[in-house]
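Single-structure report; data block below.
The values are calculated or read from the model by the stated rules, or taken from the named source; none is laboratory data. Small disclaimer: the values here were computed from a predicted structure and weren't measured. Because the Cβ atoms are built from the backbone with ideal geometry, glycine has one as well, and the counts that use them run over all protein chains shown. When the accessible area is computed, the model is the full protein with side chains, heavy atoms only, and any ligands, DNA or RNA have been set aside. Shrake-Rupley method; radii C 1.70, N 1.55, O 1.52, S 1.80 Å.
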Amino acid sequence: MRERDIYKLVERYVEEYFPDLEGEARQQRIEALCASFMNV
Amino acid sequence: MRMTEDIKKLYNERVERFITTSNLKEPDRVPIMNSTSVWAISYSGYTYADLYENFDLEAEVFVKAHEGFFYDGTRTGGGINHMVKFHNQLGSFQNFISPNAVTLQHSETSSMEADEYDEFIADPFRFIANKIAIRKITAFQDEDEEKVYQLMAELFQKPAEIRAKTTVNEAIKNRLGIPAISGGGNIVNPIDQIFDYVRGFKNTMTDIRRRPEKLLAAVEAMIPYAERNIPKGPLPEFPWITDNHHIAKFLTGELFGKFYWPYYKTSVEGVFNAGTKFLSHFEGSWEQHYDYLQDLPKTSLICILEDDEVEVFKKRFAGQFCIYAGIHSSTLRSGDIEKCKEEAKRIIDIAAPGGGYIYGLRNGLLAPGDADAEVIRAINQFILEYAVY
């Protein structure tokens, strides 16, 4: 199985699409996006 | 399409009927729910696959399954799950269309080994992204990282695109004046997420016995995220917020108290304090959990009873919770209208007096053989005339 840092890609996505988010709000967005993988 | 004045009047009357009922008062008559789910698709002669990304057809199909059946409310879930097609394209087959293309199926998945609990507990979201997502979504294993990033971005953006195009509930509301009772959203218990998506049925049930501390720590690691999904309000009293409880029926009293109850209680109370109510689908029987439920606020719950005895529940919770129940799917499948009416009458006679009762099938209908349209119509017409206060 490939070792890939998907979490880092999620951080990049949030940086790119939600540049105004900072601190806790940014972290919560990352967590919500990661959690959405469960239902795929 | 906007509502005509006549439809608007019908819609408002129906909303009022649900609000009155949920506050444990007697409305003019017992509200009748549509729980026909994806049975609607075969009723119109289509398959699940026919509706993929065909949003106009989807709306037509679901409107047709509500027309002329005397329904006061719906619980369609907003139509089909359009995301499944994309998930399959990405290599994940957790959900997939049945071989005959008629219904959606779910395969049990376990994406975490028992010895990985500590890693999950330390940072559940990093683990979900770097382990679970890669294992489930084979497209994420591609060597081209940029390609993976673009697919991931599409995966994140697609739900909003689909929501914008989906008009099922809007069409049912605007054309028939029927409200979606669970339109307030969905809340999922963290242990149901672990059960459904992380460890699967068999492994979670094993973990409860062999490594309960690890499982509990994993649930607790998800709690801060799950608590953020509980609305803070203020919210309108209607529509309600919902959840289908998957693992709860397998947890005997003490285990329910340990693994399920803390978040369940927080979410029911949170929703209630925000101004609305929790439409709680008790999968299986919850009789073994009744001692816990008695601590919840009066009128905070609308309880969909699947296998619970209506008489026992009413005796215990009359004056506390609203009951949502109807004839069993096996009776409906028999196609015997008189037998169905008899069962419906028995339930109405028990549950309706004093208010706080919604008539609705205990399970959603899926396959074409689950029900005959004329039988449903005949039962609903009987309830419309019989269940009057």
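Data table
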quantity	calculated
Relative contact order (percent, whole number), region B:211-361, Cα cutoff 8 Å, 6+ residue spacing	19 percent
At most 14 other Cβ within 10 Å, DSSP loop - trypsin sites (Lys or Arg not before Pro), region B:6-52	B:LYS25
Separation of the B:LYS202 and B:PHE250 label points, Cα + 7 Å toward Cβ, nm	1.1 nm
Angle in degrees between helix B:145-165 and the longest Cα principal axis of chain B, rounded to the nearest 10	10 degrees
DSSP beta bridges in chain B [antiparallel fraction, %, rounded to 5]	15 percent
Surface accessible to a 1.4 Å probe, B:THR166 within the full protein complex, Å²	40 Å²
Distance in nm between pseudo-label sites at B:LYS165 and B:HIS106 (7 Å out along the Cβ direction from Cα)	2.5 nm
When each of B:LYS314/B:LYS341; B:LYS85/B:LYS136; B:LYS232/B:LYS298; B:LYS249/B:LYS339; B:LYS202/B:LYS277 is checked by Cα-Cα distance, pairs over 22 Å	B:LYS249/B:LYS339; B:LYS202/B:LYS277
Area buried, chain A against chain B - accessible surface, total, 1.4 angstrom probe, square angstrom	3000 Å²
Shielding by other protein chains, B:149-160, mean Cβ within 10 Å	3
Per-residue average of Cβ from other chains inside 10 Å of B:118-130	5
Helix axis angle, B:55-64 relative to chain B longest principal axis, alpha carbon, degrees	30 degrees
Accessible surface of the protein assembly as shown, 1.4 Å probe, proportion on carbon and sulfur as whole %	48 percent
Angle between chain B longest axis and helix B:261-274 axis [Cα atoms, degrees, rounded to 10]	60 degrees
Inter-label distance for B:GLU143 and B:ASN54, nm, one decimal - labels placed 7 Å from Cα along Cα-to-Cβ	4.0 nm
Gain in span if fully extended, B:ALA318 to B:LYS25, counting 0.36 nm per residue against the direct Cα distance	104.4 nm
Accessible surface of A:ARG29 - all protein chains present, 1.4 Å probe, nearest 10 Å²	90 Å²
Heavy-atom accessible area ranking, 1.4 Å probe, most first, across B:LYS214, B:LYS315	B:LYS315, B:LYS214
Pairwise centroid distance, computed over Cα atoms, of region B:101-120 with region B:299-319, Å	32 Å
Region B:200-228 residues near the modelled B:ASN81 label - backbone nitrogen below 18 Å, point 7 Å along Cα→Cβ	B:200-202
Candidate residues B:THR138, B:THR47, B:THR276: accessible-area rank, largest first, probe 1.4 Å	B:THR138, B:THR47, B:THR276
